[in-house]
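First up is the structure itself, then whatever we jot down about it.
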Amino acid sequence: MNALQKKLESVKLILGSHSPRRQQLLKELGVEFVVMPSDADESFPDAFRREEVAMFVARKKATALKAQVADGNTIVITADSIVCLDDLIINKPVDLKDAERILKLLGGSKHQVYTGVCVMSSKKSTTFFCKTDVSFKTLSDDEISYYVEKYSPIDKAGAYGIQEWIGMIGIEYIFGSYTNVMGLPVKELYENLLKF
């Protein structure tokens, strides 16, 4: 049993996320949890800085599940990822055509992925963020079309999954956490849960 498993042994852990990638990453930490997606509104004030956006939405998701932590023995984890290109915050694509547009934008440039994470119990909560720089090669129309047709870019920030085909053939380098780009900065979450 590792240190986190010991700490959470008598705690009910809830992951407030639909994301199969977040579920997979949390599972890799070796902790037991239940999935209870939060359907909180993901809008945010325009004046927010990038990291504030991701943390604000993660907090909204956790607050929507607040009733679940009332027993004092439950911890909720929620997260939100955003992709930024210069001053532009890129949301999830609305359809496949929008996914193609976003991938054309990201191709041949460096962008940032910010993930905000909220850890909440009945007594306290903590929110933090992680930032990763990602550099894509210039993507051809054929590469973009193939990815959009064969994979599911609609539910992904920036219209791509780093662990999928487009990430393998298109990403030149990343600076920062790989799991952050997948949607959950595992190292940072592990450290925050140990301190929580």
Self-check item: Conditions (1) in contact with a strand residue (DSSP E or B) (Cβ under 8 Å, 6 or more places away or on another chain); (2) at pLDDT 85 or above; (3) surrounded by fewer than 17 Cβ atoms within 10 Å (Cβ to Cβ); (4) not basic (Lys, Arg); number of the one not met by Met55
Solution: (3)
Quiz item: Among the residues of the stretch 152-160, is there at least one that is assigned to a loop (DSSP other than H, G, I, E, B), buried (at least 20 other Cβ atoms within 10 Å of the Cβ) and not aliphatic (A, V, I, L, M)?
Solution: yes
Quiz prompt | Pick from the stretch 1-22, criterion in a helix (DSSP H, G or I) and buried (at least 17 other Cβ atoms within 10 Å of the Cβ), ranking: nearest to the chain's Cα centre (by Cα) | solution = Arg22
Quiz item: Can you tell me how many residues in the stretch 87-116 are crowded, with 16+ Cβ neighbours inside 10 Å and either assigned to a strand (DSSP E or B) or of a type in the set (Val, Ile, Thr) (or both)?
Solution: 9
Quiz prompt | Filtered residue count, the stretch 161-196, keeping only those that are within 17 Å of the chain's Cα centre (by Cα), more than 30 Å from Ile75 (Cα to Cα), among the β-branched types (Val, Ile, Thr) and open to solvent by less than 20 Å² (accessible area, probe 1.4 Å) | solution = 0
Self-check item: the stretch 117-147: number of residues that are crowded, with 17+ Cβ neighbours inside 10 Å and part of a strand (DSSP E or B)
Solution: 13
Quiz item: Scanning for something polar (S, T, N, Q) and either modelled with pLDDT of 95 or more or open to solvent by 20 Å² or more (accessible area, probe 1.4 Å) (or both), does the stretch 31-39 turn up at least one residue?
Solution: no
Quiz item: Is it true that some residue in the stretch 126-145 is within 30 Å of Tyr190 (Cβ to Cβ) and small (Gly, Ala, Ser)?
Solution: yes
Quiz item: Right, Pro153: modelled with pLDDT of 95 or more and not hydrophobic (A, V, I, L, M, F, W, C) or not?
Solution: no
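The values are calculated or read from the model by the stated rules, or taken from the named source; none is laboratory data. Computed from a predicted model, the values in this text were never measured in an experiment. Glycine gets a Cβ as well: all are built from the backbone with ideal geometry, and neighbour counts include every protein chain shown. Ligands, DNA and RNA are stripped out before the accessible areas are found, and what is left, the full protein with its side chains, is counted by its heavy atoms. Shrake-Rupley method; radii C 1.70, N 1.55, O 1.52, S 1.80 Å.
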